[in-house]
Each structure stands twice: as C-alpha cells, then as structure tokens.
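Right, one structure below, let's go through it.
The values are calculated or read from the model by the stated rules, or taken from the named source; none is laboratory data. These figures come from a predicted structure and were not determined experimentally. FYI the Cβ positions are ideal-geometry reconstructions off the backbone, even for glycines, and counts take in every protein chain you see. These area figures cover heavy atoms from the full protein model, side chains too; ligands, DNA and RNA do not enter into them. Shrake-Rupley method; radii C 1.70, N 1.55, O 1.52, S 1.80 Å.
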Amino acid sequence: MSQTLQVVQAFDRAVVAEIPADDAQALETKLAAAAGVMRNRDAWLKPYQRSAILLRTAGLLEARQAYFAKLIAQEGGKPLTDAAAEVLRALDGLHNAADEIRNLAGREIPMGLTPASEGRWAFTTKEPIGVVAAISAFNHPLNLIVHQVAPAVAVGCAVIVKPAAATPLSCIEFVALLREAGLAEPWCQTFITEDNALSERFATDPRVAFLSFIGSARVGWYLRSKLAPGTRCSFEHGGAAPAIVDRSANLDRIIEPMVKGGYYHAGQVCVSTQRIFVHTDLLNDFVERLATRVQALRVGDPLLPETEVGPLINAREAERVTSWIDAAVAGGARLIGGGRRSETTLIPAILIEPPADAKVSQLEVFGPVTCVYGFQELDAAIEIANSLPFAFQASVFSTDIGPAMRAARRLDASTVLINDHTAFRTDWMPFAGRRQSGYGIGGIPWSMEDMCQEKMLVLRHDG
C-alpha cells in the first residue's frame, strides 16, 4: 500500500491535502537520477540556461503570488500579509541567484614567482560540487526552499529537497514551477517523508556532495556526525537572540521594531528577539510601552488580512511554550499577557525578570514570548547576552555612538544590528549561526560559493 502524508492547516487543523510520501525505493531512484546527471559532464546546464530557468521561474511565481501566499498561511500558519511578503522575498531570491551567476568566476594564480614556476599560466574555474541534499524547515515554507534550491540550480548542481513534513505543499508547488520553466526533473526533485530513519539515509548517502540543513541543532549536529567522508555541509539552527536597550535609547522609536522582532510569525524565527536587556533608568517605561503594543496585537486566523500573530505549527509546540512560561512564572517572573486563543494559537506574552536558569532564559523559545531583564552596567548585560552556547544575530538600541559601538564590538554574534531588531534580514547578506547556532554561511551568494568547488588549470608554455 502506498504511503501518504496528510497536510493540515496550522490554525484549525483542517485537512488541506493528502499527498504521496516517498519510500526507500523512491529515495534510491531519486539519488540515482541526481548522481547520473552529475556524472554526465557533457550534459551539464550552461550558465545562460540556468539563468534563464531561474528568471522564468520568477515570472511564473510572480503571476501566482496570491496562490502561494494563501498556501503559506494555510500550512505554515504565517499571517497572510507576512506570507505575501515571503513570496516577494522568494521572487527576489530567484533574481539574486540568476544575477550571481555573472559573478561566479575563478581567478588567475600568479606564476613565475620562483624559477620552478616559470613558463606557466594558471587560473581557477568553478565547478558544481555535485548532488545537493537540502533539508528544510517549516517556518518559511517557500523562501527557505528558494534559499536552498535556487543556489544549487544557479551553480549547476542536481538538488533533492526535503521540506518539513508539516509544510510540504509550498515546496512541491515551487519545484513544479521550476519544471514548468524548463528544468528537467533529475536536476531538482522533492523528497517527501515523515520517516526520520529514511531522512538520515538521504542526508548521509555517499552520493551526496553537499548537505544544506535548516532545523534543530540537535538533529543538525547529529547528521553532521554521520555524513559520508567528503560530504560538505551548511547548517542553520537557532538561538535566543539578545537585544540591549541602552539608557540613551529613544523609546518612541524602538517599540515597533522590538515587537516586530519578537512576535513576527509568533516568534517562530531562528533570530527572533527573545532576551531584552533594558537599562534600569528606562525599564518601567519600556515595559509599559511594550505591554501596551503587544496586548494590541491582533491574534487569530492567519488567513484573515487583519491578523498579526497566527498559530504555532502544532499543538505540541503550543503546549511546550505554555509550560516554559508557567515554569518561569513559578520561578518568580512577572507575566504580562499570555494564554490560549486556540489549540495551536497563543496570546503573545512578556516575561519580566525570569530566572537566569529558566528555560526561557537558556533555550530558544520559538514562540510568541519575549523576556525583559534590567541592567545597570552595559558590560554586565553583554556578558549575560554572550553566556549561552548559541550566537546568531543581536541588537543594540542607543542614540549614543559610544555604547552602541562598544556593544557591537563585544557581542558574540555573526550580525549586530544597531537600532533595529534581531530578525532583520535580506537574502543577499551573509546569514550565519556561530557555535551551536550553525555551521557555514547562508545567504544566496554564499550558498552558491559553498555549492561550488574550484579547479585549477596550469598551462605550461614556451613563451
């Protein structure tokens, strides 16, 4: 009997679709097809062909923006206005990948610097690394797929992409667009499964040259330990992003970005603002303003245009976040907001001074919760911000260049945003977790570099 996967709406658990799932034989067929096209170097797609396919795909996606936005809102629970913005980002990502093909070049390696190297001309070229296995996450079910697939197509790698089991539809529909744009099936295939053992077999197959993984640190680091010899990889995990509010900060200008950073997509973002350190001179005023704005957020059905905060991906996650909030309150934190709107939908919460050893202070919440802590000395706040084994993006809010730059230099983060929230990102900038938060550098141009390998040519001549 063939296996199927049921896809439900994140908000009300209504069935959206039931789709075929892949088994071990299907995985073998797909890996063999991908490896086969990579072996046939004469049939590799030329740069102009890859560029044209990406641009045609962008045109097809642009014509179906509303359809994809609704799909994202249904399966992933992202509010419709944010889902529409995700589609625009995906469009830009396709154009970015096509544009970057023009920059995909080697360089001349100088010869004649020693007597032994005279009479030679040397240069490098870029080649696709081979089969790319991409394992993606639920929280941006279209744009993350574009982040992993578009660079592979751009550099000429065959790619097999496994979407999150909760949100496969956006991925399937996007790959269908690539096919419609002229990309032959072996160059981009989906792998649909809920089977963790089969997923591990996929990631660790020796025919995979590069693993792109977006998801939990526990799974990512485990897979890295199991990769076949020679397989390269890139991992994007999460963190507990800190934001520091200096005593010089203008509260009139920071509440909106702080709310955006903390509650966008119900906090289900790997760089969501989670730990907010506020100078004690501003603490009471900041909390009052933040609470007023957070309590005004419109929470509910992501398909309604007025909704600002939608559901978590499933009821299990809602239960987990609720239990973490309850534990922090039991430990002495003051709670503002919180509660349940539906099985999967939580009312946004603020925790004031949760204990340092509480899960909300130590781990990634991945829910609509921010934690606020007072501080008097900037360096003490920075030390606490840096104390976790995660490091991704961080923010500092200040009108004084001195403390702003001191924090920027001392915060352990791959990106420090000054007077902006931690969840800011463009898809052409480098995006990387440090320590347990990831491995390698994301962002479309950087992913393209990762999916290439350099080959050097040395020409000996008599001139």
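3J(HN,Hα) couplings calculated from phi for the range 412-423 with the Karplus curve 6.51 cos²θ - 1.76 cosθ + 1.60 (θ = phi - 60°) are, in sequence order, 7, 7, 6, 9, 10, 9, 9, 6, 8, 7, 6, 8 Hz; Gly and Pro show x.
From the alpha carbon centroid of the range 385-436 to that of the range 144-160 is 28 Å.
Taking all protein chains into account, the per residue accessible area for the range 278-425 stands at 43 Å² (1.4 Å probe). Listed by chain and number, the lysines placed with their C-alpha closer than 23 angstrom to that of LYS260 are LYS70, LYS78, LYS359; residues fewer than eight positions away on the same chain are left out. Computed per residue of the chain from DSSP H runs no shorter than four, each worth -39500 (n - 2.57), the mean residue ellipticity at 222 nm is -12000 deg cm²/dmol. Taking only the C-alpha atoms of the range 379-457, the Rg (one decimal) and the largest Cα-Cα distance, Dmax (whole number), read 15.3, 53 Å.
Could you order peptides 441-447, 213-219 by the average number of other Cβ atoms within 10 Å of their residues, highest first?
For the peptides 441-447, 213-219, the packing ranking is 441-447, 213-219.
Peptide packing for 81-90, 106-115, 60-69 was compared via the average number of neighbouring C-beta atoms within 10 Å per residue; ordered from the highest value, the list is 81-90, 60-69, 106-115. Ratio of Rg to Rh for the range 266-329: 1.01 [Cα atoms; Kirkwood radius as inverse mean 1/r over pairs].
How big is the equivalent ellipsoid of the range 320-369 along its three axes, where each semi-axis is √(5λ) from the Cα gyration tensor, reported in whole Å from largest to smallest?
18, 11, 8
Surface composition of the chain: carbon and sulfur atoms hold 52% of the protein heavy-atom accessible area at a 1.4 Å probe.
Accessible surface of TRP121, taken over heavy atoms with a 1.4 Å probe and every protein chain present, rounds to 120 Å². Across all C-alpha atoms in the range 232-372, the radius of gyration and Dmax reach 14.7, 49 Å. Residue by residue, the range 302-315 carries 3J(HN,Hα) couplings of x, 7, 7, x, 7, 5, 9, 10, x, x, 7, 5, 7, 5 Hz when phi is fed to the Karplus relation 6.51 cos²θ - 1.76 cosθ + 1.60 (θ = phi - 60°); x denotes Gly or Pro.
Which sequence of TYR263, TYR439, TYR48 reflects their accessible areas, 1.4 Å probe, from the largest down?
TYR48, TYR439, TYR263
Distance between the modelled labels on GLU377 and ALA66, one decimal in nanometres: 6.0 nm (7 Å Cα→Cβ projection). Take each peptide in 167-179, 369-381, count the other Cβ atoms within 10 Å of every residue, and average; sorted highest first, the result is 167-179, 369-381. Once both labels are positioned 7 Å from their Cα atoms along Cα-to-Cβ, the gap between GLU200 and ARG120 label points is 4.5 nm. Across the range 186-197, computed HN-Hα scalar couplings (Karplus, 6.51 cos²θ - 1.76 cosθ + 1.60, θ = phi - 60°) run x, 7, 8, 10, 8, 10, 10, 7, 9, 7, 5, 5 Hz from first to last residue, x flagging Gly and Pro.
Around the amide H of ALA21, modelled in the peptide plane, lie the amide H atoms of GLN3, THR4, LEU5, all under 5 Å away and 5 or more residues distant in sequence or on another chain. Using every pair of separate Cα atoms, the Kirkwood estimate puts the hydrodynamic radius of the chain at 23.4 angstrom.
Restricting the calculation to Cα atoms, the range 31-128 yields a radius of gyration followed by a Dmax of 21.0, 67 Å. Over the range 96-253, the fraction of Cα-Cα pairs per 10 Å bin, rounded to whole percents and listed from the shortest bin up, is 9, 31, 26, 16, 12, 5, 0.
When all alpha carbon pairs of the range 369-422 are counted in 5 Å bins from zero, the resulting P(r) reads 4, 19, 30, 32, 12, 2, 0 %.
Within the range 325-463, all pairs of alpha-carbon atoms sorted by distance into 5 Å bins from zero give the percentages 2, 8, 13, 16, 16, 14, 11, 7, 4, 2, 2, 2, 1, 1, 1, 1, 0. Computed over neighbours whose Cβ is under 11 Å from that of TRP446, the net charge equals -4, Lys and Arg +1, Asp and Glu -1. In this structure LYS260 has an accessible area near 90 Å², from a 1.4 Å probe over the protein heavy atoms.
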